[in-house]
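See structure below.
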Amino acid sequence: MTGVGLTLELIFGMILALILSEKFFGRGIFRAVMLLPLGIPTIVSASNMAFIFSTQGFLNELLYRIGLIEVPIDWRVGTIKPLMTIVVADMWKVTPLVMLILLAGLESIDKQLYEAAKVDGAGRWHRFRHITLPLLKPYITMALVIRGIDAFRIFELPLVMAGRHVPVMSSYAYFEYVERNNPYTSAAGATILLIMIIIAISVYLKAVGTEEVTR
């Protein structure tokens, strides 16, 4: 599910960054609204999302009113549903960060490249595929690695929204130490988490180093 979340965050972050890279009326207000989730504490965000996905929450009410369900859905029960709610909540919270990183990359691209491509008859999709994406590769890598590291250490969202229903590594280490009084298992879980983060950082540094060499 981490891969699904990262993919969705990258897609929506790219769409928002492309929108904000254009000049239009109200651009500053739109950017401010898109950045609001970053300023909300994770605990508050998780609590709000837990209410939205509760049996008496907004989502069940909406699905009931449009006739898609007859009884409320308990999103905390099962294997996939709790993971889906956490992916949605995490995506809403951190997609603005991905958007900012990609927007910085878009603004660093020389606009003359696009003008030259237009003169040669290149369409919007051709310019995006052959100019934007290649030049955004370092920024895409940065966004994926930063979000990957953050996803590995996610704690508050699954703890508040699903409790034990979604035992991610960080909450697993927490429960083993606090509730089961098993410090050795907790330390093992924390060590595995640290190794995963180190691997992600190493991949990022290697990718950035390779990019610098090719330049």
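The values are calculated or read from the model by the stated rules, or taken from the named source; none is laboratory data. Remember, predicted model here, so these are calculated numbers, not experimental data. Note that each Cβ is placed from the backbone with ideal geometry, even for glycine, and that neighbours are counted across all protein chains shown.
Numbers below:
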{"quantity": "Residue that is among the hydroxyl-bearing types (Ser, Thr, Tyr), closer than 15 Å to Ala104 by Cβ and either out of contact with any strand residue (DSSP E or B) (no Cβ under 9 Å at 6 or more places or on another chain) or surrounded by fewer than 18 Cβ atoms within 10 Å (Cβ to Cβ) (or both), where the choices are Tyr172, Tyr139", "calculated": "Tyr139"}
{"quantity": "Search result, residues across the range 114-136 that are over 30 Å from Ile86 (Cα atoms), surrounded by 14 or more Cβ atoms within 10 Å (Cβ to Cβ) and of a type outside the set (D, E, K, R)", "calculated": "Tyr114, Ala117, Ala122, Phe128, Ile131, Thr132, Leu135"}
{"quantity": "Residue, farthest from the chain's Cα centre (by Cα), within the range 156-201, restricted to residues that are closer than 29 Å to Asn48 by Cβ and part of a loop (DSSP other than H, G, I, E, B)", "calculated": "Glu179"}
{"quantity": "Among (1) farther than 30 Å from Phe175 by Cα; (2) among the charged types (D, E, K, R); (3) within 24 Å of the chain's Cα centre (by Cα); (4) at pLDDT below 90 - the single one Glu107 does not satisfy", "calculated": "(4)"}
{"quantity": "Qualifying residue in the range 70-88 (condition: free of Cβ contacts under 8 Å to residues at least 12 places away in the same chain, farther than 21 Å from Met169 by Cα and either touching a Cys at 6+ places or on another chain (Cβ under 7 Å) or among the charged types (D, E, K, R) (or both))", "calculated": "yes"}
{"quantity": "Residue match in the range 199-213 (condition: at pLDDT 80 or above and over 28 Å from Arg76 (Cα atoms))", "calculated": "yes"}
